[in-house]
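Enquirer: Structure in structure tokens, see below.
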Amino acid sequence: MGYGARKLDHPATLADLDALQEGVVGEIIDGTLYAHPRPMAGHSYLESRLIAELDGPFQRGRGGRDGWWLLTEPGIQAEGSPEFVPDLAGWRRERVPEFPTRRWTLAPDWACEILSPSTRAYDQRIKRPFYARIGIRHLWFIDLDAHAHRERAHEWPLGRAGRPW
């Protein structure tokens, strides 16, 4: 099962997300509810490895004046989209000096989507233009099928998988 838009007779709300069955996750983009099964293990593993690799150079003060806030699958609110969820997202601390205590409402500076056969079309056709429209300046696509994410000799070669926008 891939991503699919759910037909509703109203713009989707957080209550519609809460009503999804167990094991199904969703997000709302431009008032449309998109639902899909929870990601597979390889997808989740890659998310955690990427955060581990990016933590030192970016979260701890390098890569910008004060570093970055880096998160996996943060729920973010934008106009007309009460909840969208990049696989990974980062905000420069110079823009967000304090970690928010409530829902993120500021578009991240960077987002990363991990492409798989079930997410590729959705991430590239729906999320990519949405991210551009709300002001996400840097977007990575990492393709699970490219196998370029494999660790080799304690390195993290993204190779052709890190696709610029």
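Enquirer: For residues that are part of a loop (DSSP other than H, G, I, E, B), free of Cβ contacts under 8 Å to residues at least 12 places away in the same chain and under 18 Å from GLY75 (Cα atoms), tally how many sit in region 1-20.
Expert: 1
Enquirer: Let me ask something else. Limited to region 67-102, what total is found for residues that are over 10 Å from the mean Cα position of the chain (by Cα), assigned to a strand (DSSP E or B) and farther than 20 Å from PRO129 by Cβ?
Expert: Total meeting the criteria: 5.
Enquirer: Next question, about the same structure. So TRP91 ticks every box in (1) surrounded by fewer than 19 Cβ atoms within 10 Å (Cβ to Cβ); (2) within 14 Å of ASP66 (Cα to Cα) but one. Which box is left unticked?
Expert: The one condition TRP91 does not meet is (1).
Enquirer: What pairs can you find where one residue is in region 27-51 and at pLDDT below 85, the other is β-branched (Val, Ile, Thr) and buried (at least 17 other Cβ atoms within 10 Å of the Cβ), and their Cβ atoms are less than 9 Å apart, with a gap of 6+ or different chains?
Expert: What qualifies is PRO39/ILE114; PRO39/THR119; GLY42/ILE114; HIS43/ILE114; HIS43/THR119.
Enquirer: Restricting to region 30-50, count the residues that are buried (at least 18 other Cβ atoms within 10 Å of the Cβ), over 13 Å from the mean Cα position of the chain (by Cα) and farther than 17 Å from SER118 by Cα.
Expert: Counting residues in region 30-50 that are buried (at least 18 other Cβ atoms within 10 Å of the Cβ), over 13 Å from the mean Cα position of the chain (by Cα) and farther than 17 Å from SER118 by Cα gives 0.
Enquirer: Output the number of residues of region 103-136 satisfying the condition of being exposed (fewer than 13 other Cβ atoms within 10 Å of the Cβ), not in a helix (DSSP H, G or I) and not β-branched (Val, Ile, Thr).
Expert: Of the residues in region 103-136, 3 are exposed (fewer than 13 other Cβ atoms within 10 Å of the Cβ), not in a helix (DSSP H, G or I) and not β-branched (Val, Ile, Thr).
Enquirer: Being closer than 15 Å to PHE58 by Cα and without any contact (Cβ under 8 Å) to a residue 60 or more places away in the chain is the filter here, so list the residues in region 100-147 that pass it.
Expert: PRO108, ASP109, TRP110, ALA111, HIS138 - these are the residues of region 100-147 that are closer than 15 Å to PHE58 by Cα and without any contact (Cβ under 8 Å) to a residue 60 or more places away in the chain.
The values are calculated or read from the model by the stated rules, or taken from the named source; none is laboratory data. Computed from a predicted model, the values in this text were never measured in an experiment. Cβ coordinates were reconstructed from backbone atoms using ideal geometry, including for glycine residues, and neighbour counts include every protein chain displayed.
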